[in-house]
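*Asks:* Have a look at this one before I ask anything.
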Amino acid sequence: MTRDPSAAPDGRRMRRRGGIRLAATTGLAVLAALAVVSPAQAFNHEGPHWATSQLTIDTSSVPSGGFHDALTDAAAEYTALTHVSVGTEDAIGSPWTAQVIDAGDDGYEGYSHWRYDGDHHTTSADMHLNTAYLDDSLPEDELKVVWEHESGHVLGIAHVTGIDHVMYPFASQAYDDGVTGLTDDEVAGIDSLY
Ligand SMILES: [Zn+2]
């Protein structure tokens, strides 16, 4: 069995900068569906996760510069702080790919898709940042937090309500609120899966 969560309008994982009303409504709909956060653990699971904890992101489509550097930082932070090892490679072949595209003013600062098998093990994934809202000159930590957010979805963790988290639905707002990297709750969420 395979399923692409992006097929459902509210299954598209995203954040945006600014305040288009339609996008905010979509974000809230996603939040309402997923926000079951116990006081003890501020993380949620998407459902699927990879069968292995040794992963590599194909970064060959990400241009060198700020976006690329931030993605390398994000992968290194997952490796340093969680049970997963996330490498990056500028070569085609990994089932986890990253891209930077101009998706236009569609309300999405970034989004990710993933597919999984009958055992709910992720088999492939792609994540994208949208240059309509993000650019190479933004602080490296801001781009890193956005990549960490999308990577979190790909690894299997979902949105949470608190703005002081990478997995807050609007990651740039979390960055603006002071989040500069993975928090203990993202680490706990990942480590509960791997
Ligand atoms: Zn998201």
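Only the coordinates and a few stated rules stand behind these numbers; no lab work does. The shown structure was predicted, so the numbers you read here are calculated from the model rather than taken from an experiment. Cβ coordinates were reconstructed from backbone atoms using ideal geometry, including for glycine residues, and neighbour counts include every protein chain displayed.
*Asks:* Using the Cα gyration tensor of the range 76-167, with a ≥ b ≥ c the square roots of its eigenvalues, what is the shape: rounded (a/c below 1.5), prolate (a/b larger than b/c) or oblate (neither)?
*Replies:* On the way: a/c = 1.39, a/b = 1.27, b/c = 1.10.
Here the range 76-167 falls in the rounded category.
*Asks:* How big is the gap, in Å, between the Cα center of the range 59-101 and the Cα center of the range 168-194?
*Replies:* With the range 59-101 and the range 168-194 each reduced to a Cα centre, they are spaced 17 Å.
*Asks:* Kirkwood Rh over Cα pairs of the range 50-115 into Stokes-Einstein at 25 °C, 0.890 mPa s: D in µm²/s?
*Replies:* 190
*Asks:* Further, regarding this structure: Residues with amide H under 5 Å of THR97's amide H, sequence separation 5 or more or different chain, H placed in the peptide plane at 1.01 Å from N; which?
*Replies:* ASP58, ALA125, ASP126, MET127
*Asks:* Treat the count of other C-beta atoms within 10 Å as a stand-in for reagent exposure and order ILE101, ILE190 from fewest to most. Working shown, then result.
*Replies:* Details: ILE101 11, ILE190 24.
The fewest-first ordering by Cβ neighbours comes to ILE101, ILE190.
*Asks:* Within 10 Å of each residue's Cβ, count the other Cβ atoms and sort ASP73, ASP164 from fewest upward.
*Replies:* Ranked by crowding around the Cβ, least crowded first: ASP164, ASP73.
*Asks:* If you take the alpha carbon radius of gyration of the range 83-129 and divide it by 2.2 N^0.38 Å, what ratio comes out, to two decimals?
*Replies:* That works out to 1.36 for the range 83-129.
*Asks:* If I stretch the segment between ILE163 and ASP177 completely, what's the gain in nm (0.36 nm per residue apart, minus their alpha carbon distance), one decimal?
*Replies:* Working it through step by step, the gained length comes to 4.3 nm.
*Asks:* Give a residue-ordered list of calculated ³J(HN,Hα) values for the range 174-179 (Karplus: 6.51 cos²θ - 1.76 cosθ + 1.60, θ = phi - 60°; whole Hz; x for Gly, Pro).
*Replies:* 4, 4, 4, 7, x, 7
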